[in-house]
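The values are calculated or read from the model by the stated rules, or taken from the named source; none is laboratory data. Please read all numbers here as calculations on a predicted model, not as lab measurements. Glycine also receives a Cβ, built like all others from the backbone with ideal geometry; neighbour counts cover every protein chain displayed. Side chains are part of the model used for accessible areas, which takes the heavy atoms of the whole protein and leaves out ligands, DNA and RNA. Shrake-Rupley method; radii C 1.70, N 1.55, O 1.52, S 1.80 Å.
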Amino acid sequence: MPECPELHLAGRYINEACGALVFSGGVERSAVGRGPEVPFSSEAYRISATARGKELRLTLTPLGSAGAPQELVFRFGMSGSFRLCPAAQLPRHAHLRFRTRDSPPRVLCFIDARRFGSWRLGDAWQEGRGPCVLSEYQAFRENVLKNLEDKAFDKPICEALLNQKFFNGIGNYLRAEILYRLKIPPFEKARTVLEALKEQEQERRRKNPPLTLSKKLKLMRENPDLLELCHSVPMEVIATEKHLSDPDHSDNYAAFKSWLQCYLVPGMSSLRDRNGRTIWFQGEPGPMAPKGQAPRKKHAQVESDPEAVTPKVPPRASRRRRRAAVNPPVPAEEAGAGPGKGRARRRRSAATAGALPEPEVKAGRRLRSPARRGRGTAPAV
């Protein structure tokens, strides 16, 4: 799911890819997009982007004095992203489209395969979201520490980290990485964790004179606390995913996966929190862990010989097909039944080789041989 690093990288991509482009016409919306029609049209306009937390704002600015700018605020949901592509090669699920004045034209698309993303008109960020952990770090830190009496901090720290009123931009994979680095059990009470941090900060202020900015940054790098990691860990993602300015670059996911230390990593445990979200961690879950759940371990995927893998069989396949997939029939030559074809010829060859006993004779009647039991009575001799 896109979190604050992905939103900030999307904003960077739009500004770099579209900064020199001129767009023209109206804004095209798909029939199933989760957002309103955009009442904007211009013969020539430019597009710029700004990200804050888990939101991104587009500004459509007409060139000259052709009208007022139009602003849109996007939420990416589970799969939202932006891509600039040729107009003749529109991707699927492009729910909002901005067409350039080039020849041939190109299109900036908001793509959302799962349709959880949305947009709204205007420049206002969503009400109730706190300062951004990336771009408004000091305000974010103060907002958390001065509101520790809020009931949001009665919850486990892993659940509090998803509260956008205080941790605007933090999502599922970031919370796992942050808690893992500090060895904090995910189901420790949030207030317990943060009050200790507040006390440490107050004690440090009493004993030490105010620090210069360079000393603050050095201290943050050497001994970061939870709120500092809420800023520095997303910054690592932005630095690691250096190719994300090109959404089609093949190295994106590989670079991100190699950066992860906890989330979806083999050897880590997982539990579902009270909101149904899976949290990954190492060690004990903490005193507020949900009852009735046992932590599950993430196992490494073992590479195997493709020819040694059991063939996949449709779940509704017949019993005979499932048996055949697991134990394929052996050719007649390998079974020692000779090269003959047909059931009767194979049976005769097997009987000759001693595979079947001679039929028994009793009271003038030929009894059924073991190979024919259950297929009716043989005629009298």
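Tabulated data
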read-out: Some residue of segment 29-45 being touching a helix residue (DSSP H, G or I) at 6+ places or on another chain (Cβ under 6 Å) and open to solvent by 20 Å² or more (accessible area, probe 1.4 Å); value: no
read-out: Enumeration of residues in segment 253-283 that are out of contact with any Phe, Trp or Tyr (no Cβ under 9 Å at 6 or more places or on another chain) and touching a residue at least 24 places away in the same chain (Cβ under 8 Å); value: Pro266, Gly267, Arg274, Asn275, Arg277, Thr278, Gly283
read-out: Any hit, segment 20-28, residues being touching a Lys or Arg at 6+ places or on another chain (Cβ under 7 Å), within 19 Å of Trp119 (Cα to Cα) and modelled with pLDDT under 95; value: no
read-out: Tally, over segment 138-164, of residues that are closer than 18 Å to Arg274 by Cα and in contact (Cβ under 8 Å) with a residue 12 or more places away in the chain; value: 12
read-out: Within segment 128-158, tally of residues that are under 25 Å from Met288 (Cα atoms), open to solvent by 50 Å² or more (accessible area, probe 1.4 Å) and under 29 Å from the mean Cα position of the chain (by Cα); value: 2
read-out: Lone unmet requirement of (1) open to solvent by 20 Å² or more (accessible area, probe 1.4 Å); (2) outside any loop (DSSP other than H, G, I, E, B) for Cys85; value: (1)
read-out: Flag for Arg92 being modelled with pLDDT of 95 or more, out of contact with any His (no Cβ under 9 Å at 6 or more places or on another chain) and either part of a loop (DSSP other than H, G, I, E, B) or open to solvent by 30 Å² or more (accessible area, probe 1.4 Å) (or both); value: no
read-out: Test for Thr59: is it at pLDDT 95 or above, of a type in the set (S, T, N, Q) and open to solvent by less than 30 Å² (accessible area, probe 1.4 Å); value: yes
read-out: Residues being open to solvent by 70 Å² or more (accessible area, probe 1.4 Å) and farther than 18 Å from Arg52 by Cα - total across segment 162-188; value: 1
read-out: Residue match in segment 47-56 (condition: open to solvent by 70 Å² or more (accessible area, probe 1.4 Å) and over 25 Å from Gly128 (Cα atoms)); value: no
read-out: Considering residues of segment 109-120 that are farther than 17 Å from Glu37 by Cβ and touching a Lys or Arg at 6+ places or on another chain (Cβ under 9 Å) only, the residue least open to solvent (accessible area, probe 1.4 Å); value: Ile111
read-out: Which numbered condition Arg106 fails, given (1) out of contact with any Gly (no Cβ under 8 Å at 6 or more places or on another chain); (2) open to solvent by less than 60 Å² (accessible area, probe 1.4 Å); value: (2)
